[in-house]
Structures are given as C-alpha cells and as structure tokens.
C-alpha cells in the first residue's frame with residue numbers, strides 16, 4: 001500500500017503538470033485533429049517521463065542540492081549555468097504568466113455575477129494571493145497539493161462524466177496533417193513537471209527508492225487525464241472549441257458542469273502556481289545566493305509586471321513556454337545526465353539506462369519541435 005509521502009510525491013507530479021496547460025489542449029487538438037493529438041501526446045509524454053527520471057537521477061547524484069541552473073553549472077560549467085538560467089527564467093515566468101492570465105479568466109467567470117469586476121482585476125488578485133503562498137513550508141505545500149489534486153480528480157471526472165452525454169464522436173474524427181505539430185508546445189507545457197522533481201528527494205527522503213515509481217505513476221495518470229479531458233471537450237465543441245476550452249463549452253452546455261470546470265481550473269492552476277513559484281524562488285535563493293525576500297520578489301513580482309505590461313495571449317504563452325521548457329531544458333538535462341553519471345558525488349538509489357538511439361530520438365524531436373514552434377509563431 002502506498003504511504004503518505006508516496007501519495008504526496010505522486011500528487012505533486014500531477015498537481016504541477018495539470019495546471020493552466022490542460023485548458024489549451026482542446027483548442028490545439030481541434031486544429032490538428034484528436035487522433036494526431038493523441039499520438040503526439042503519447043510520444044512527448046514518454047519523452048518527458050524519461051527527462052523526469054533523468055533529472056531525478058541528477059539530483060540524487062549531487063551532494064549540494066539546487067535547481068536546474070545549479071546542476072548545469074556543476075556538470076556543464078559556467079556557460080551551462082548561464083544558459084540554464086535564461087531557459088529556466090523564460091520557461092517559469094511563462095508558466096506563471098499563463099497561470100495569471102487563465103486564473104483571472106476563470107475567477108471572473110465564477111465571481112462576476114456576484115461581485116462584478118473584470119478579468120484583469122481577478123488576475124491581479126490571484127497573482128497576489130498565490131504569491132503569498134510561496135512562503136508556505138514544503139510540508140504544508142505537499143498537504144495542500146494533495147487536497148487540491150483530490151478536488152481536481154473529483155471535478156475533472158465530473159466534467160468528463162456529465163460532458164460525455166453531449167459528445168459527438170464525429171468531432172473526434174476530423175484531422176489536418178498540416179497542423180499535426182501545432183500542439184507541440186502546448187503539450188510540453190502541460191506534461192512537464194520538472195519544477196517538482198527536486199522536491200521529491202525531500203518528500204521521500206526516507207524511501208527514495210520509490211521516487212522512480214512516483215514519477216512514472218504521476219506521469220501516466222496525468223497523460224490519461226489529458227486524453228480523456230480533450231476527448232470530452234473536443235467531442236462537445238468541435239471546431240468551436242475556445243482557446244481555454246470552458247468558454248466554448250458554456251455555449252453548448254448551460255448548467256453546473258461549466259461552473260464546476262471553472263472551479264476545477266482555479267484549483268488546478270493554484271497548485272502549479274505554488275510549485276513553480278517556490279522552484280523559481282529557490283533557484284534565486286540556492287543557486288544565486290540572494291536573500292529569501294529578494295528571491296521571492298523576483299519569482300513572484302516579475303511575471304505580474306509582465307502581465308500588467310500587456311502580455312496576455314494564453315495560447316502563445318503556453319506554446320512558447322512549453323517549447324523552451326521541454327525543448328532546450330530537456331536537451332540540457334540529457335547532457336547533464338550523462339555528465340552526472342561520470343562526475344556525480346553520490347551513488348543514487350536508482351539508475352536508468354538510456355540507449356544512444358533513444359537519446360538521439362529524444363534530442364531530435366525536442367529540437368524539431370522548438371524550430372517548428374518559433375517558425376510557426378514567427
């Protein structure tokens with residue numbers, strides 16, 4: 001039977017992954033076609049799972065703990081640390097910006113009928129509220145993560161169950177081969193839980209041999225949730241799928257299911273926002289030795305300022321953030337992984353063996369995806 005810490009570990013993987021990105025997936029799937037989307041999410045989900053396992057092994061091999069920038073500094077030198085820092089900042093700020101955008105959208109949908117206001121105001125309120133939560137201890141964050149993931153399961157399967165009665169299977173049969181790679185960035189944004197990996201060593205410090213199992217379990221559950229969610233939303237709204245899924249859904253279904261979806265969205269985003277914010281704060285704190293207050297300010301106030309400046313296109317933000325995180329960061333992790341096997345300080349509780357063919361395949365897919373994303377968005 002899984003113990004409390006194992007459940008916390010799985011929850012933190014799911015909670016970090018299932019955030020704002022899930023709401024962009026039905027839209028990009030509507031452009032490529034459902035089955036092309038499923039093929040791509042299975043491939044990218046597998047690649048990201050391997051990257052998670054690689055990153056976890058890097059942390060277990062390293063005596064002085066940190067975050068991606070610190071590990072790249074140790075194994076790839078100063079230039080590696082600089083590149084990793086830039087990539088991490090763009091990726092995590094992109095994540096937090098996406099949370100602010102979509103969080104305001106959902107809070108407005110929930111509270112506007114009662115209190116008025118607008119999406120901009122609710123985005124600011126959510127950013128300030130969750131930023132305060134970045135001060136919460138790891139133990140409290142783990143407990144809150146478990147509660148939120150529990151609520152996530154209840155609500156998302158409620159949406160899936162009730163929505164399934166409105167599904168038109170014909171909406172799942174269309175496809176466009178010219179758009180088959182369009183979901184790349186949004187998928188990588190959604191399946192990535194790199195921010196959570198360094199936390200697992202702390203959560204499971206008494207049972208580290210099960211970290212590998214927790215990563216696999218959390219990753220598989222996450223992908224299953226995404227496929228079911230996209231199938232239901234796309235099956236209902238088809239070509240009318242909105243960029244954040246639920247507005248389009250509300251045009252077809254006018255009952256409590258949409259409100260439930262908005263509430264689920266707020267909780268899902270909150271879990272990811274907390275973990276990403278803590279990871280970013282600790283990067284400044286551990287890897288660059290800034291004070292805790294300065295680290296918090298850089299982690300939480302910078303994305304809020306970017307939002308205020310006017311960067312508010314949800315799909316563009318998650319696509320670029322996903323490409324940077326899963327693409328460039330993934331390649332850095334692969335290189336650091338092989339360096340850590342030779343230069344690591346400690347013998348890890350588990351080791352994974354990756355064939356050269358699989359490594360080349362992963363790097364090729366990640367690199368092509370990044371190129372496609374920037375060419376497409378450019």
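The values are calculated or read from the model by the stated rules, or taken from the named source; none is laboratory data. Bear in mind that the values here come from a model prediction, so they are computed numbers and not experimental data. FYI the Cβ positions are ideal-geometry reconstructions off the backbone, even for glycines, and counts take in every protein chain you see.
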Restricting to the range 294-322, name every residue that is within 20 Å of residue 73 (Cβ to Cβ) and more than 17 Å from the chain's Cα centre (by Cα). 294, 295, 298
When you check residue 231 against the structure, is it in contact with a helix residue (DSSP H, G or I) (Cβ under 7 Å, 6 or more places away or on another chain), part of a helix (DSSP H, G or I) and closer than 14 Å to residue 33 by Cα, yes or no? yes
Tell me, which residue of the range 90-125 that is surrounded by fewer than 20 Cβ atoms within 10 Å (Cβ to Cβ) and in contact (Cβ under 8 Å) with a residue 40 or more places away in the chain is farthest from residue 246 (Cα to Cα)? 90
Looking only at the range 73-88, which residues are over 18 Å from residue 59 (Cα atoms) and free of Cβ contacts under 8 Å to residues at least 12 places away in the same chain? 78, 79, 82, 86
Across (1) under 17 Å from the mean Cα position of the chain (by Cα); (2) surrounded by fewer than 24 Cβ atoms within 10 Å (Cβ to Cβ); (3) over 27 Å from residue 29 (Cα atoms), residue 223 clears everything bar (3)
When residue 261 is run through (1) crowded, with 24+ Cβ neighbours inside 10 Å; (2) over 17 Å from residue 160 (Cα atoms); (3) over 15 Å from the mean Cα position of the chain (by Cα), the failure sits at (2)
For the range 323-369: of the residues being at pLDDT below 85 and more than 28 Å from residue 64 (Cα to Cα), which is nearest to the chain's Cα centre (by Cα)? 323
Among the residues of the range 167-212, which ones are touching a strand residue (DSSP E or B) at 6+ places or on another chain (Cβ under 9 Å) and either assigned to a helix (DSSP H, G or I) or closer than 26 Å to residue 10 by Cβ (or both)? 172, 177, 179
Identify the single condition in (1) surrounded by 21 or more Cβ atoms within 10 Å (Cβ to Cβ); (2) modelled with pLDDT of 85 or more; (3) within 19 Å of the chain's Cα centre (by Cα); (4) closer than 18 Å to residue 193 by Cβ that residue 71 does not satisfy, given that it satisfies every other one. (3)
Among (1) surrounded by fewer than 17 Cβ atoms within 10 Å (Cβ to Cβ); (2) within 29 Å of residue 11 (Cβ to Cβ); (3) touching a residue at least 40 places away in the same chain (Cβ under 8 Å), residue 323 falls short only on (1)
Looking at the range 242-317, what helices (runs of 4 or more DSSP H) fall wholly within it and have at least 3 residues that are at pLDDT below 80? 246-252, 256-282
Filter the range 126-176 down to the residues that are at pLDDT 85 or above and within 19 Å of residue 241 (Cβ to Cβ) and list them by number. 167, 168, 169, 170, 171, 172, 173, 174, 175, 176
By residue number, the members of the range 177-197 that are surrounded by fewer than 24 Cβ atoms within 10 Å (Cβ to Cβ) and either out of contact with any helix residue (DSSP H, G or I) (no Cβ under 6 Å at 6 or more places or on another chain) or under 30 Å from residue 59 (Cβ atoms) (or both) are 177, 178
Is it the case that some residue within the range 230-242 is closer than 21 Å to residue 95 by Cα, crowded, with 24+ Cβ neighbours inside 10 Å and touching a residue at least 24 places away in the same chain (Cβ under 8 Å)? yes
Restrict the check to the range 26-43 and report whether at least one residue is under 23 Å from residue 274 (Cβ atoms), surrounded by 23 or more Cβ atoms within 10 Å (Cβ to Cβ) and in contact with a helix residue (DSSP H, G or I) (Cβ under 9 Å, 6 or more places away or on another chain). no
